[in-house]
Amino acid sequence: MTAIGRRQIIMVADPAALAQAAAERVLARMAGNSGRIAICLTGGSSPKALYQLLATEPYRARIPWDRAHWFIGDERFVPVGDPRNNMAMARETFLDRCAPAANIHPIPTDAAASPDEAAERYARELQSFYGAEALDAAEPLFDLVLMGVGPDGHTASLFPNYPAIEETSRWVVGVPKAHVEPFVPRVSLTLPTLSCCREMLFEVAGKEKRAILTRVFAGENLPANRAQSIGETVWLIDEAARPENFRG
């Protein structure tokens, strides 16, 4: 699976506009699929406003909850009840109130003895959902993958210069140690798995992200720069995060 699609950059005024624009893109991807829908969520603080918005009207009424399945791009290897758990934040914010329980697919941190075991279990769940053990660019796994970018250029839990960033055969990997806080082991989808989507949507807000975005858009070899959809890759950025010398 080697095909890579287009990259689009969209500037918006502020975090509220960012959440609204992201919500409309999520709903547009759902509207384009009359069958089973797969959305891959992300953790961190950036998507929380989006998740809150999806739980409110009129957005909530436009989501075909019975057909939408919710996955996660990476997870901290902590118990489900731990406030650092990515899927727990998404569940508390909107999933448990809106989505059928069978359509929520968390990484099994409570049921696994190690990040590697959790990765293997999640890979099997993804393959079962997909119906194959090999990814095919002609049949995207996800309709949309939500992404963020860390201060070091990581995305999901794929950190610069870590072996996981070079993985091409496994769908999901254990990451023994994080490069940034919280310094706990992680479980992450690999680049080929994340890329197998119709759209990859980055949400980036705040002046603290300006420096790393400047490096990303300068073409530096960072995980966030290497993560690209086989379909369309979209960067939603608010004015505070606008990279230096960016005039687009």
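The values are calculated or read from the model by the stated rules, or taken from the named source; none is laboratory data. Owing to the predicted nature of the structure, the values given are computational and were not obtained by experimental measurement. Here Cβ is always computed from backbone atoms with ideal geometry, including for glycine, and neighbour counts include all displayed protein chains. Ligands, DNA and RNA are stripped out before the accessible areas are found, and what is left, the full protein with its side chains, is counted by its heavy atoms. Shrake-Rupley method; radii C 1.70, N 1.55, O 1.52, S 1.80 Å.
Each listed q (0.10, 0.19 Å⁻¹) maps to a log10 I(q)/I(0) for segment 1-142 from the Debye sum over equal C-alpha point scatterers, namely -0.37, -1.31. Taking only C-alpha pairs under 8 Å that are 6+ residues apart, what is the relative contact order of segment 37-109 in percent? Once normalised by length, the contact order is 39 percent. Sorting PHE71, PHE129 by solvent-accessible area of protein heavy atoms yields PHE129, PHE71, largest first, with a 1.4 Å probe.
Calculated mean residue ellipticity, 222 nm, the chain: -7000 deg cm²/dmol, from DSSP H runs (n ≥ 4) at -39500 (n - 2.57) each, averaged per residue and rounded to 500.
Ignoring ligands, DNA and RNA, what percent of the accessible area of the chain is carbon or sulfur (1.4 Å)? That fraction is 49 percent. Kirkwood hydrodynamic radius computed over segment 51-128 comes to 13.3 Å, based on all pairs of distinct alpha carbons. Computed over the alpha-carbon atoms, the chain gives an Rg to Rh ratio of 0.93, Rh here being the Kirkwood radius from the mean inverse distance.
Relative to its Kirkwood radius, the Cα radius of gyration of segment 110-248 gives an Rg/Rh of 0.98. Normalised per residue, the accessible area of the chain is 43 Å², obtained with a 1.4 Å probe and no contribution from ligands, DNA or RNA. Under 11 Å from a label point set 7 Å out along the Cα-to-Cβ vector of TRP65, the amide N atoms of segment 76-98 belong to 94-98.
Distance between the pseudo-spin-label points of GLU181 and ARG84 (7 Å out from Cα toward the beta carbon): 1.1 nm. Sequence-distant contacts, meaning Cα pairs under 8 Å at least 6 residues apart, place the relative contact order of the chain at 27 percent.
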